[in-house]
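Each remark here refers to the structure printed beneath this line.
The values are calculated or read from the model by the stated rules, or taken from the named source; none is laboratory data. Keep in mind that what you see is a predicted model, and the values were worked out from it rather than measured. Neighbour counts are summed over all protein chains in view; Cβ atoms, including those assigned to glycine, are modelled from backbone coordinates with ideal geometry. The area values use the complete protein model at the heavy-atom level, side chains included, leaving out ligands, DNA and RNA. Shrake-Rupley method; radii C 1.70, N 1.55, O 1.52, S 1.80 Å.
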Amino acid sequence: MDQQLLHLKKLIIPFRIDALIPNILVLIPRVITGYLLAFVFAVNKFGTPWTPKSAELGFLEVSDWFVELVKQFGIPFTYMPEFFAWSAGFTEALGGILLILGLNTRITAFFVTITMFTTIVFRPWDNSWSIMPTFTFFCLGLFFMGFGSGKFGLDYFITKRK
């Protein structure tokens, strides 16, 4: 059991950065990314405690318009669009909170990156700039997979050696 915990600890330990300014430069985009994912992009497609009543979504419920959008992605998404839409909404909502906290940052960033990559590859685009938020979250996910939470995240305190 201790060996399994050691592997998990190695997976979440942030890249070691000792100086204050680089840690702040990891903190700021991590918190902004988390906020945007959880409180701006997820709220109208996935039911959270902070979803506005106007969205008419129950807790952990995915919106119909988002399921229809996911159906447009093609196979395999047309077979289980509710599942894929729910997974994407859950990743954005919970992933955003975890990024804000700096908790399991690398694992969370992996799932955010996969979600955004899937959207980039499969979503039918309208030749507008609407792909930019998705691409930006994809790039930030790669960044956080590499660096982790920095010193100002819970990952650092969980994995800190005594």
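General remarks:
- Only a single item in (1) in a loop (DSSP other than H, G, I, E, B); (2) closer than 12 Å to Leu99 by Cα is not met by Pro49, and it is number (2).
- Close contacts from region 60-86, counting a first residue that is under 24 Å from Trp50 (Cβ atoms) and a second that is acidic (Asp, Glu), with Cβ to Cβ under 8 Å and a gap of 6+ residues or different chains, come to Val62/Glu82; Val67/Glu82.
- Cβ-Cβ under 7 Å pairs, at least 6 apart or on other chains, region 121-133 side in contact (Cβ under 8 Å) with a residue 40 or more places away in the chain, far side open to solvent by less than 80 Å² (accessible area, probe 1.4 Å) and aromatic (Phe, Trp, Tyr): Phe122/Phe73; Phe122/Phe77; Arg123/Phe73
- Scanning region 128-144 for residues that are assigned to a helix (DSSP H, G or I) and open to solvent by less than 60 Å² (accessible area, probe 1.4 Å) yields Ser130, Ile131, Pro133, Thr134, Phe137, Phe138, Cys139, Leu140, Gly141, Phe144.
- Scan of region 20-70 for residues that are surrounded by 15 or more Cβ atoms within 10 Å (Cβ to Cβ) and basic (Lys, Arg), ordered by number: Arg30, Lys45
- Filtering Val40, Val26 for residues that are among the β-branched types (Val, Ile, Thr) and touching a residue at least 60 places away in the same chain (Cβ under 8 Å) leaves a single hit, Val26.
- When the criteria are applied in full, Val112 fails the requirement of being touching an Asp or Glu at 6+ places or on another chain (Cβ under 8 Å) and farther than 24 Å from Cys139 by Cβ.
- Filtering region 92-111 to residues that are β-branched (Val, Ile, Thr) and either more than 20 Å from Thr51 (Cα to Cα) or in contact with a strand residue (DSSP E or B) (Cβ under 9 Å, 6 or more places away or on another chain) (or both) leaves Thr105, Ile107, Thr108.
- Residue within region 10-19 that is in contact with a Gly (Cβ under 8 Å, 6 or more places away or on another chain), on the phi < 0 side of the Ramachandran plot and open to solvent by 60 Å² or more (accessible area, probe 1.4 Å) present: yes
- Residues that are among the polar types (S, T, N, Q) and over 9 Å from the mean Cα position of the chain (by Cα) were ranked within region 106-127; the one that is most open to solvent (accessible area, probe 1.4 Å) is Asn127.
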